[in-house]
1. Just one of the numbered conditions (1) hydrophobic (A, V, I, L, M, F, W, C); (2) outside the structural domain of residue A:305 (by TED's automatic domain parsing); (3) open to solvent by less than 40 Å² (accessible area, probe 1.4 Å) is not true of residue A:329; which one?
2. If residue B:326 satisfies every condition in (1) more than 20 Å from residue B:214 (Cα to Cα); (2) more than 9 Å from chain A (Cβ to nearest Cβ); (3) touching a residue at least 24 places away in the same chain (Cβ under 8 Å); (4) assigned to a loop (DSSP other than H, G, I, E, B) but one, which is the exception?
3. Being in contact (Cβ under 8 Å) with a residue 60 or more places away in the chain, open to solvent by less than 30 Å² (accessible area, probe 1.4 Å), within 18 Å of residue A:216 (Cα to Cα) and assigned to a loop (DSSP other than H, G, I, E, B) is the requirement here; does residue A:153 meet it?
4. How many residues does region B:77-96 hold that are touching a strand residue (DSSP E or B) at 6+ places or on another chain (Cβ under 7 Å) and either at positive phi or open to solvent by less than 20 Å² (accessible area, probe 1.4 Å) (or both)?
5. Of everything in region B:291-320, what is crowded, with 20+ Cβ neighbours inside 10 Å and away from every other protein chain (no Cβ under 13 Å)? Give them in sequence order.
6. Which members of region A:277-288 meet the condition of being open to solvent by 10 Å² or more (accessible area, probe 1.4 Å) and touching a Leu at 6+ places or on another chain (Cβ under 9 Å)?
7. Being at pLDDT 95 or above, over 22 Å from the mean Cα position of the chain (by Cα) and open to solvent by 10 Å² or more (accessible area, probe 1.4 Å) narrows it down to one of A:272, A:309, A:323, A:318, so name that one.
8. Return yes when residue A:136 is of a type in the set (D, E, K, R), surrounded by fewer than 23 Cβ atoms within 10 Å (Cβ to Cβ) and within 17 Å of residue A:258 (Cβ to Cβ) and no when it is not.
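The values are calculated or read from the model by the stated rules, or taken from the named source; none is laboratory data. All values derive from a computational prediction rather than experimental measurement. Note that we place each Cβ from the backbone using ideal geometry, even for glycine, and neighbour counts take in every protein chain shown. Side chains included, ligands, DNA and RNA excluded: accessible areas come from the protein's heavy atoms. Shrake-Rupley method; radii C 1.70, N 1.55, O 1.52, S 1.80 Å.
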Amino acid sequence: MELPSPNPAILDRRAEIVARLKAALPAGTVIDDPRGLVAYECDALTAYRCPPLAVALPRSTQEVAEALKICHEMGVPVVPRGAGTSLAGGSLPTGDAVVIGVARLTRVLETDYADRIIRVETGRTNLSVTGAVEADGFFYAPDPSSQLACAISGNIGMNSGGAHCLKYGVTTNNLLGVTMVLMDGTVVEIGGAHMDAGDLDLLSVICGSEGQLGIVTEATLRILPKPEGARPVLMGFGSSRVAGACVSDIIEAGVLPVAIEFMDRPCIRACEAFAHAGYPDVEALLIIEVEGSPAEIDHQLRLIRGIAERHGPEVIRESTTAEESAAIWLGRKSAFGAMGQINDYMCLDGTIPVTELPLVLERIGELSAQYGLGVANVFHAGDGNMHPLILFDANKPGDLELCEQMGADILKLCVEVGGCLTGEHGVGVEKRDLMTVQFSEDDLEAQLKVKDVFDPKWLLNAAKVFPLAVTEGRRP
Amino acid sequence: MTVIAPACEAELAEAIRAANGPFAIRGGGTRSPAADRPVLSTAGLVGVVLYEPGALTLVVKAGTPLAEVEDVLAAKNQRLAFEPMDHRPVLGTSGDPTIGGALAVNASGPRRVQAGAARDFLLGAVFVDGEGTRVRNGGRVMKNVTGYDLARLQAGARGSLGVLTELSFKVLPVPERVATLALACDTPGRAVAEMSRALGSPYEVTGAAWDGARVLLRIEGFADSVAYRAGELARIIPGLAPADEDPWPALRDGAALAPMERDIWRVSLRASHGAVLAERLREAGAAVQLDWGGALLWAATAPGTDLRAEMADLGGHATRLRGQGSTPARHPDPAPVAALAAGLRQKFDPRGLFAPEG
């Protein structure tokens with residue numbers, strides 16, 4: 001994976017750029033010492049690292065605008081950053097870029113339960129948005145596994161999902177308005193506390209634009225009343241194929257669980273060792289959660305069990321206490337961490353039509369044998385969002401490259417069966433060079449035109465999302 | 001008036017490339033006034049491309065009549081959950097609404113408050129831009145963040161960025177039971193307060209409207225659930241009682257206001273501000289209804305009224321669906337936002353072939 005080489009003309013002006021940023025922003029806002037910059041050399045895609053030219057951590061929308069204005073005037077590339085949890089390298093810097101982070105913008109600006117909205121600064125973490133309203137019986141629905149650490153700014157950048165978006169949708173379905181600073185420092189208000197756009201639905205294209213159109217500093221989010229209760233059921237099956245068929249049948253039967261999660265044996269064992277969730281040792285595990293009153297939950301679980309029984313499950317176990325439910329989810333949500341304890345891994349994020357699950361799982365198994373690299377599968381089965389974890393040894397020369405090749409083959413398979421490269425993590429640098437697998441030249445050109453409008457100089461996060469060859473004439 | 005009705009996407013692209021003046025893009029022609037330009041019709045782009053009930057996915061050509069789409073889904077006990085409004089009663093148009101037209105205006109009914117708008121159910125789109133280039137975006141899967149979401153950007157764009165040719169949607173099962181509950185209420189302030197109470201409860205209200213005299217709440221789901229939730233709602237909102245009729249299609253379409261010889265407005269604003277504006281407009285003699293828990297206001301005003309003058313302090317936006325006034329039918333965006341929208345239109349339609357009508 002290649003990053004554009006830093007522009008020597010910009011590196012030469014480093015002292016001047018830093019001086020202008022420091023002059024415009026309060027003390028303690030600009031980081032330029034080499035040791036301080038190391039903390040910003042990568043995000044959660046740690047295989048790639050590059051310290052930036054400088055980092056700015058503004059405390060207000062106005063300060064973000066000041067920093068951007070300077071970079072715009074001086075032609076300096078900017079890499080926006082939330083909490084730095086991107087698995088796709090969304091906030092990986094280049095050596096000639098200023099990282100502008102929103103980590104210090106964490107305030108709740110307004111909460112209105114009658115209108116069911118919250119307005120926050122976007123450096124606030126996902127979980128602490130729910131934290132601000134849960135005592136009053138509300139929650140913010142998108143729940144990426146990194147929700148304890150990830151920031152709303154990054155959620156908007158990547159249009160993040162989570163386990164429960166089968167019912168509640170992803171970020172784009174829960175975002176009502178933003179305050180965004182354009183690359184030239186212009187502050188725009190798009191949307192608000194109302195539900196739809198007056199003219200063009202610009203939020204649609206801002207959400208998921210991976211920090212390439214502007215820096216979102218404030219967001220109005222939809223909050224929802226907490227359900228009366230929720231309860232998961234665990235089901236173990238003798239094969240992934242059977243578990244996949246069961247998922248499809250549940251969906252077609254008209255039951256809409258709030259989440260349907262899938263794990264295979266390698267992942268189950270790792271999670272069990274890590275979180276002691278009480279998972280059975282089976283080939284394929286489904287965690288299905290339903291919501292409502294106790295009677296409503298019983299009714300839905302009865303329907304789901306009825307469907308599952310037809311597929312000959314080895315285990316069906318309903319959670320009976322809040323503690324059991326929490327343990328089941330703790331296991332699932334710590335899956336990535338658990339795998340990380342036993343192996344280096346690369347996490348993929350392709351989405352496929354749910355009906356293709358059995359076929360795709362089988363083909364992933366074949367690729368695993370072909371490449372000689374293990375794979376653990378954990379994913380949101382209800383909406384077909386796969387997370388195969390390819391296991392490799394970072395210390396073994398050539399293993400990362402082999403792993404990346406295998407990952408590319410799996411993602412190509414996802415596209416081939418009617419799916420896409422990324423369901424919730426974003427393209428970043430990680431999947432940038434695969435975009436031509438999913439999109440034609442014209443399809444990509446249409447997307448580039450949008451960036452041309454928002455960021456005509458192509459200074460914002462420009463080395464991401466699109467293959468470098470495709471953006472060649474546009475990037476400075 | 002000339003009508004060009006390409007039989008396929010390639011012919012459509014050819015017609016666009018050959019054009020030298022603006023078109024009026026039409027599906028069924030039910031959501032726009034009569035065209036004063038040559039019509040570019042999607043009537044030839046019809047049919048279901050793919051329907052997978054087990055994946056809740058439908059892919060359909062944009063010119064397909066909505067009724068046909070609904071029939072196909074109903075055969076598998078599924079539906080379009082966004083409940084697209086029928087514009088015919090208000091606009092006095094005839095013809096068959098199409099799925100492309102519904103998406104192009106982001107037509108969303110009462111269920112918008114809980115399930116989402118047309119744009120929320122869109123999974124992907126194919127369109128032909130103003131230079132005759134075919135663009136595919138999104139796909140047919142539930143979660144997709146691959147590249148910019150140009151598909152959703154088409155929702156509500158009224159064809160101004162391109163002519164829609166194929167759309168993919170998430171569909172949902174038809175619930176086992178539907179119930180409507182009503183509460184007598186003649187002030188918008190109280191109506192919105194009661195609707196907020198219901199929508200802030202865990203009972204999954206899928207419709208919350210005020211017709212001027214009653215608050216109407218809808219719940220949908222398994223029969224036992226609906227009975228239970230109806231009981232719980234009546235407990236937290238005393239006076240709430242089952243209603244026999246199904247008021248939702250009429251509320252969705254503004255049917256009660258349509259026969260009045262007045263201008264018809266649809267205002268999108270914060271729910272609590274819906275109550276404020278409704279009160280102001282009522283005092284000024286308008287007929288008013290609320291939907292989406294107050295976040296959608298319908299008003300029938302004296303011809304020529306500038307409703308926007310009443311909402312300057314409230315935010316949101318107002319669209320004049322019917323009537324002539326000195327003000328624009330669509331709410332002007334603030335300058336920096338309007339500049340972004342104009343920039344996008346210039347990129348996707350540099351010759352202005354799809355410039356908004358009227």
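1. Checking residue A:329 against (1) hydrophobic (A, V, I, L, M, F, W, C); (2) outside the structural domain of residue A:305 (by TED's automatic domain parsing); (3) open to solvent by less than 40 Å² (accessible area, probe 1.4 Å), the one that fails is (2).
2. (3)
3. The answer is no for residue A:153.
4. To start, the set of residues in region B:77-96 that are touching a strand residue (DSSP E or B) at 6+ places or on another chain (Cβ under 7 Å) comprises B:77-81, B:90-91, B:96.
If we keep only those that are either at positive phi or open to solvent by less than 20 Å² (accessible area, probe 1.4 Å) (or both) as well, we get B:77-78, B:80-81, B:90.
Within region B:77-96, residues that are touching a strand residue (DSSP E or B) at 6+ places or on another chain (Cβ under 7 Å) and either at positive phi or open to solvent by less than 20 Å² (accessible area, probe 1.4 Å) (or both) number 5.
5. B:298, B:299, B:300, B:301, B:305, B:307, B:310 - these are the residues of region B:291-320 that are crowded, with 20+ Cβ neighbours inside 10 Å and away from every other protein chain (no Cβ under 13 Å).
6. Listed by number, the residues that qualify are A:277, A:278, A:279, A:280.
7. Going through A:272, A:309, A:323, A:318 in turn, just one is at pLDDT 95 or above, over 22 Å from the mean Cα position of the chain (by Cα) and open to solvent by 10 Å² or more (accessible area, probe 1.4 Å): A:309.
8. The answer is no for residue A:136.
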